[in-house]
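Written below as structure tokens is the structure these notes are about.
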2 protein chains.
Amino acid sequence: MGLADVPKNVGPLELASDAPVSPGSWQAALVDDGKNTIASQLVERLREAIVSGQLEAGARINLLRARQAFSVSLSPLREALARLIPDGLVTFEDNRGYRVAPVSVSDLREITRLREEFETLALRQAIANAPPEWEGDVTRALHRLNTAERNAAAPSTLEHWEALHRDFHLTLLAGCGMPLLLGFCRTLLNLNDRYRRSFLVRTSGDRNVSVEHSEIAQGAAARDADFACARLREHIHRTGSNLASHLADRIAP
Amino acid sequence: MGLADVPKNVGPLELASDAPVSPGSWQAALVDDGKNTIASQLVERLREAIVSGQLEAGARINLLRARQAFSVSLSPLREALARLIPDGLVTFEDNRGYRVAPVSVSDLREITRLREEFETLALRQAIANAPPEWEGDVTRALHRLNTAERNAAAPSTLEHWEALHRDFHLTLLAGCGMPLLLGFCRTLLNLNDRYRRSFLVRTSGDRNVSVEHSEIAQGAAARDADFACARLREHIHRTGSNLASHLADRIAP
DNA sequence: TTATCAAAAATAATCGATAATCTGTCAATT
DNA sequence: AATTGACAGATTATCGATTATTTTTGATAA
């Protein structure tokens, strides 16, 4: 159960669900994207299904049902699930199979805390080392994000906004020149997005997230590390607190 | 090529090559360890083969040869390799298969830098939050490490020392109560061990590593965060510089 | 010689079927 | 009533074979 309601999209892969790929969606327009194999496509489909909340947290993933739901064979399914383990989206136990990683307040707390540390470290490095064009990338990502419509009634706009938001944060960090750190940040961002998309109906009224993003981007473009990192840290912290309160309401009713 | 010289151990799995399992080798004596499936055993065997340098850095992993070398079928082999991707020991490209992750000076630099940041963060948390018995665990791990023989002529003593060294560092951090952070640290430690085991013949004469470890442990047991973290940071930094110089000699001849 | 293209060979990816393991049920025993 | 053991059904793990893709080879033409 829980897998029956996954959208059974027939055919190779429709573009709509492709949008939020990690390495920067401006590349997605290119013909191929390098995700040719069933297993690789499945990784993205599963990631989306989990991050979006379609697959319930903590639920067992029945391989036979999942196999049907996604119209694939067992080998690529297992391989795709294995690749999601280190992302923290899937857990595994020998002879007991895979399950969707559970969510908890303490998990969210740690994610927030680590994002504060890691992302400010990466941003500081980026401000120190990134090439000049990075500033333009950041400004552009910000502009796209701020001009995107976000209509709670239209889920597609929310998804699109999420992708742009993710892009903005990653662009900000991309200049750091530390691939491992960037990978850790991406993982944490994934995990965080899952909480936001599952538990946050809308941002609380006393925040203007656009302004927060703009300030971070301004600081980055001006190469003012202290300012940019302080704003980024606040931004992450606020989002975390906000999410934690929503989660607490839902998880311990 | 490169896979042909992997020890072809027949039969289920002989204990000798099992020794340095990750979660603490004192547990290895227990009957089961939870690693029942071929895929899970293979993860450990492959990890050991890569970290120990048996599998050359950057080399392609020919699935058919690997399948023979490890006497397994394709499905568990692919699954095991997939699980090593996030550990940074294996890379993957669609339709081009898996390869052993390459090594580079810049990679080592980043590992060292991130270890400094992450491990001191974890240690600080541990000192603040770990339960009392943690101090004893640390002292015990230190004692085991310092009393272990390390004879360059006997590879098994080196391997044993590596396992104890790893144990010491992880015990130190284990008290932090942050599972994600601990996972990141474990990953970095894996990567670092690979460099040490591949490129470090012996520690340079002007260091007394035992003393360094002892000081860190003393600081931890005394709950003196500033002192312990400073010593830990120096320790990591020195190891990194030491390794980097050896690596530079070898990689750009 | 260099470039181009089409088989052929090598390799990776996937599938369907089988084997191994787990989970729940229910009767027999203590 | 609680425990044990054996069965059946469900699920996971593995295998061998097949299909798809990439890489190499070798012949031909510029």
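Every read-out reported here was derived from the displayed coordinates using simple, explicitly stated rules and does not represent laboratory data. What you see is a predicted model, and the numbers here were worked out from it, not measured in a lab. Heads up, the Cβs are rebuilt from the backbone with ideal geometry, glycines too, and the neighbour counts pull from every protein chain shown.
Is the shape of the stretch A:40-119 best called rounded, prolate or oblate, per the rule: a/c under 1.5 gives rounded, else a/b larger than b/c gives prolate, else oblate, with a ≥ b ≥ c the square roots of the Cα gyration tensor eigenvalues? Could you put the intermediate results ahead of the total?
Numbers: a/c = 2.17, a/b = 1.89, b/c = 1.14.
Judged from the Cα gyration tensor, the stretch A:40-119 comes out prolate (a/c at least 1.5, a/b above b/c).
If you take every residue apart from residue B:215 with its C-beta less than 10 Å away from the C-beta of residue B:215, what net charge results, scoring Lys and Arg +1 and Asp and Glu -1?
Details: positive: B:231; negative: B:212, B:234.
Net charge around residue B:215: -1.
What's log10 of I(q)/I(0) for the stretch A:22-172 at q = 0.13, 0.14, 0.16, 0.19 Å⁻¹, Debye sum over Cα points only, no solvent?
Values returned for q = 0.13, 0.14, 0.16, 0.19 Å⁻¹ are -0.80, -0.91, -1.13, -1.33.
Let a ≥ b ≥ c be the square roots of the eigenvalues of the Cα gyration tensor of the stretch B:113-170; is it rounded (a/c under 1.5), or, if not, prolate (a/b larger than b/c) or oblate?
Details: a/c = 4.28, a/b = 1.69, b/c = 2.53.
Verdict is oblate for the stretch B:113-170.
One decimal, nm, shortest first: give the distances between the label point of residue B:102 and those of the same position in the other copies, each label point 7 Å from Cα along Cα→Cβ.
4.2
Other chains' Cβ within 10 Å of A:113-123 residues: what's the mean? Working shown, then result.
On the way: counts 5, 6, 0, 0, 4, 6, 0, 0, 4, 0, 0.
Averaged over the peptide's residues, the number is 2.
What is the distance in Å between the Cα centres of the stretch A:66-101 and the stretch A:116-173?
30 Å
Tally Lys and Arg at +1 and Asp and Glu at -1 over the other residues with C-beta under 10 Å from the C-beta of residue A:90: what net charge comes out? Could the numbers behind the result be given before it?
Numbers: positive: A:47, A:83, A:99; negative: A:87.
After counting each charged neighbour, the total is +2.
Taking amide H atoms as placed 1.01 Å from N in the peptide plane, list the residues 5 or more away in sequence, or in a different chain, whose amide H sits under 5 Å from that of residue B:59.
Close amide H contacts, sequence-distant or interchain: B:100.
Between chain A and chain B, with a rotation axis joining them, whose C-beta in A is nearest that axis, and what is the whole-Å distance?
Measuring from each Cβ to the axis, the minimum is at A:86, 1.
Label 7 Å along Cα→Cβ of residue A:210; the stretch A:128-155 residues with amide nitrogen under 12 Å?
Zone members listed by number: A:143-150.
Quick one: putting +1 on the C-beta of Lys and Arg, -1 on the C-beta of Asp and Glu, what dipole do you get for the stretch B:179-239 around its Cα centre, in Debye to the nearest 20? Working shown, then result.
Working: 10 positive and 7 negative charges, 68 e Å.
So the dipole magnitude of the stretch B:179-239 works out to roughly 320 debye.
State the extension gain, in nm to one decimal, for the chain segment bounded by residue B:251 and residue B:117, taking 0.36 nm per residue of separation less the distance between their alpha-carbons. Walk me through the intermediate numbers first.
Numbers: separation 134, 0.36 × 134 = 48.24 nm, distance 2.64 nm.
Taking 0.36 nm per residue and subtracting the Cα distance, the gain is 45.6 nm.
Sort the stretch A:151-237 into rounded, prolate or oblate with this rule: let a ≥ b ≥ c be the square roots of the eigenvalues of the Cα gyration tensor; rounded if a/c is under 1.5, and if a/c is not under 1.5, prolate when a/b is larger than b/c, oblate otherwise. Walk me through the intermediate numbers first.
Numbers: a/c = 2.01, a/b = 1.36, b/c = 1.48.
Because a/c hits 1.5 or more and a/b fails to exceed b/c, the stretch A:151-237 counts as oblate.
For residue B:54, place a label point 7 Å from Cα along the Cα-to-Cβ direction in every copy; what are the distances to the other copies, in nm, shortest first?
Inter-copy label distances (nm, one decimal, shortest first): 4.1.
Taking the beta-carbon count within 10 Å as an exposure proxy, list A:100, A:72 from fewest neighbours to most. Intermediate results must be reported in sequence, preceding the final value.
Values: A:100 23, A:72 17.
By the 10 Å Cβ count, ascending: A:72, A:100.
For residue B:179, place a label point 7 Å from Cα along the Cα-to-Cβ direction in every copy; what are the distances to the other copies, in nm, shortest first?
Nearest to farthest, the other copies are at 2.9 nm.
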